[in-house]
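Written below as structure tokens is the structure these notes are about.
The values are calculated or read from the model by the stated rules, or taken from the named source; none is laboratory data. Predicted model only: the values in this text are computed from it and were never measured. Neighbour counts run over all protein chains shown; Cβ positions are idealised from the backbone, glycine included. The accessibility values were calculated without ligands, DNA or RNA, using every heavy atom of the protein model including side chains. Shrake-Rupley method; radii C 1.70, N 1.55, O 1.52, S 1.80 Å.
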Amino acid sequence: MPQTAVSSTSPKVTIRGTENPLTAAILTPEALAFLAALHTNFNARRLELLKARTARQKEFDAGKLPDFLPETKSVREGDWKVSPPPADLQDRRVEITGPVDAKMIINALNSGAKCFMADFEDASSPTWANMIEGQKNVQSALRRTLTCTVGGKAYALDPDESKLAKLLVRPRGLHLPEKHLECEGEALSGSFTDFGLFIFHNLDEFKTRAKGLYFYIPKLESHLEARLWNDVFTFAEDALSLPRGTIRCTVLIETITAAFEMDEILYELRDHSVGLNAGRWDYIFSAIKKFRKHPGMVLPDRGFVNMTVPFMKAYAELLVKTCHKRGTFAMGGMAAFIPSRRDPAINEKAFAAVTADKKRESEAGFDGTWVAHPDLIPLAQEQFDKVLGDQPNQISKQRPDVSATAADLLNLSATPGQVTLEGARLNVNVAIQYITYWLHGTGAAAIHNLMEDAATAEISRAQLWQWRVNGVKLSNGEIFTADIYKQLADEELNTLRNEYNPQTVNFDKLEQAKAILDDLVLSDDFEEFLTLPAYQTL
């Protein structure tokens with residue numbers, strides 16, 4: 001086991017999870033001591049930062065809007081760079097993402113993508129088994145020993161290591177607890193649990209291969225949250241006797257408040273950063289959530305909100321400009337389409353849309369992009385190959401033409417489109433289906449030929465709440481009310497009962513999913529994340 005600088009007198013972590021065959025191997029006494037050290041050093045700060053989010057939301061509800069921070073103007077205007085990207089992470093033109101089950105990891109690493117983000121967050125339902133088995137799976141993947149058999153078919157990693165994607169890990173967001181682990185009566189942070197177990201158990205792998213341990217950090221809302229993560233990284237490197245900068249992370253800019261602090265976030269993480277990612281789905285959810293009580297900022301149906309609408313275009317271009325000014329990666333957003341094996345017409349239309357999206361990203365200066373399905377990798381890579389050629393990235397490409405203002409980032413009202421009854425029905429359908437999958441332990445689900453995860457489900461339920469509370473007029477002239485929502489929810493529940501096979505779907509969980517959605521949409525208060533109340537039911 002790795003030797004750490006963690007004191008043997010650290011408080012003990014109590015395991016509340018049900019017995020799992022892998023528990024003893026993952027939650028060793030040494031690993032638990034490391035988690036306890038992370039908890040005692042950083043959990044109080046984490047909780048204070050979450051309180052700061054709540055306080056800021058009250059300001060937004062009262063009419064205040066975010067702006068670039070005057071107190072950090074010197075950082076934005078300063079001449080500084082983040083640490084150069086490591087040698088083995090120079091080319092990221094196509095990254096694939098997905099949950100941490102063995103089959104997904106094997107297929108993703110074999111997919112031909114440059115990188116794979118193993119996702120403990122939005123693409124994973126945080127059941128105890130999923131989180132523990134996921135840690136074992138990423139360990140085995142790094143050691144090239146991961147195998148599995150599903151439906152009688154055996155899966156294994158390509159023996160040619162040069163063909164495998166680089167592995168990056170996304171821990172859960174700062175808001176999510178790990179209720180199965182407690183320290184001094186407090187639940188551990190899901191973030192620190194996922195991060196801590198991965199780095200602790202793979203320390204020897206780093207020392208053997210002399211390569212970095214790479215992460216994606218989700219849902220940050222401020223540079224102070226980035227500072228917390230930087231301190232966590234520094235503490236871990238010191239405790240585990242690792243050189244500074246061994247841990248490298250890409251921050252997802254997927255909250256609208258973080259868009260105003262991109263320079264500051266990179267500055268705080270400058271020894272550990274390898275860029276920013278335009279996390280489009282969570283970004284849309286954040287815009288709805290933050291301005292939920294602003295009638296003039298209500299967005300139309302989700303299908304109308306793409307990367308070319310004014311507020312999304314401004315955010316994406318500012319991200320590229322900021323990253324390249326600081327010498328680091330600007331990563332594009334997710335292509336969520338799942339090809340149909342039965343309908344070529346759907347594929348033809350979707351492939352054209354994906355191609356156009358990746359063409360726009362590559363020409364805008366992004367260094368790489370995300371896809372949800374292996375079939376999309378060639379489409380995305382073709383567009384980036386056209387721009388990059390033999391170069392691994394285009395970090396040197398500057399965007400002096402971009403001057404996104406606060407008004408540009410907040411220009412939600414210029415989004416074209418309508419709020420329709422069909423759009424509301426689709427939101428209800430997607431949300432019920434996704435929550436049902438999530439309660440079954442599946443965090444990424446193909447619904448209507450799109451890979452839906454927690455972020456896209458959040459958009460669906462957030463729009464329904466916002467439309468109801470603000471009395472939005474539908475395209476048919478009706479006002480969207482609680483009664484209309486209830487009718488749609490009942491109708492979609494009946495539709496799904498008829499569509500689902502009771503041998504594969506627990507109908508009690510389907511009813512439970514609808515009840516969770518009812519609470520989220522009909523409550524007077526807006527629940528910050530649907531996964532928080534849903535987690536208590538797992």
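For segment 303-351, a simple Cβ point-charge model (Lys and Arg +1, Asp and Glu -1, everything else neutral) yields a dipole of about 160 debye relative to the Cα centre. Once each part is reduced to its C-alpha centroid, what is the distance from segment 479-515 to segment 52-100 in angstrom? About 38 Å separates the Cα centre of segment 479-515 from the one of segment 52-100.
With K and R counted +1 and D and E -1, the other residues having a Cβ less than 14 Å from that of SER340 yield a net charge of 0.
Quickly estimate the mean residue ellipticity at 222 nm for the chain, helices only: each DSSP H run with n ≥ 4 gives -39500 (n - 2.57), and the total goes over all residues, rounded to 500. Taking each H run of at least 4 residues, the total per residue is -14500 deg cm²/dmol. How high is the FRET efficiency from GLN418 to ALA356, r the C-beta distance, R0 25 Å, rounded to 0.05? Rounded to the nearest 0.05, the efficiency is 0.65.
In this structure, the amide hydrogen of ILE338, modeled 1.01 Å from its nitrogen in the peptide plane, lies closer than 5 angstrom to those of LEU450, MET451, counting only residues at least 5 positions away or on a different chain.
Relative to the current alpha-carbon distance between GLN90 and ALA446, full extension at 0.36 nm per residue lengthens the span by 125.0 nm.
In segment 116-160, a dipole from Cβ-located charges (positive for Lys and Arg, negative for Asp and Glu) runs towards its positive end, and of VAL150, PHE116, ASN130 it is VAL150 whose Cα lies farthest in that direction. Per residue, the chain exposes an accessible area of 39 Å² to a 1.4 Å probe, with every protein chain left in place.
Extension gain for GLU205-PHE68 works out to 45.2 nm (0.36 nm per residue, less the C-alpha to C-alpha distance). Helices of the chain meeting both criteria, an alpha-carbon length of 20 angstrom or more along the long axis and an average Kyte-Doolittle score not below -1.0, with helices taken as full DSSP H segments, are 29-61, 128-142, 223-239, 310-325, 344-364, 421-439, 454-469, 507-522. Placing dummy labels 7 Å off each Cα toward the beta-carbon, the span from ARG144 to GLU511 is 5.2 nm. Note on segment 361-385 and segment 278-311: Cα centroid distance 23 Å, given to the nearest whole angstrom. If we count every other residue with Cβ under 13 angstrom of SER241's Cβ, Lys/Arg +1 and Asp/Glu -1, where does the sum land? Here the charged neighbours net out to -1. For segment 384-474, the share of accessible area belonging to carbon and sulfur comes to 50 percent (1.4 Å probe, ligands and nucleic acids excluded). Counting Lys and Arg as +1 and Asp and Glu as -1 over every other residue whose Cβ lies under 13 Å from the Cβ of GLY112, the net charge comes to -3. Here the spin labels are modelled as points 7 Å beyond Cα on the Cα-Cβ line, and at GLU19 and GLU59 they lie 5.2 nm apart. Approximating the spin labels as points 7 Å out from Cα along Cα→Cβ, the LYS473-to-THR28 distance works out to 6.6 nm.
Across the chain, Cα pairs under 8 Å and at least six residues apart give a relative contact order of 16 percent. With the whole protein complex present, VAL309 retains an accessible surface near 10 Å², based on a 1.4 Å probe.
With R₀ fixed at 25 Å, the C-beta to C-beta distance from ASP385 to LYS153 puts the FRET efficiency at about 0.20.
Beta bridges assigned by DSSP with both partners in the chain are antiparallel in approximately 35 percent of cases. Per-peptide packing, taken as the mean over residues of other Cβ atoms within 10 Å, places 111-124, 167-180 in the sequence 111-124, 167-180 from highest down.
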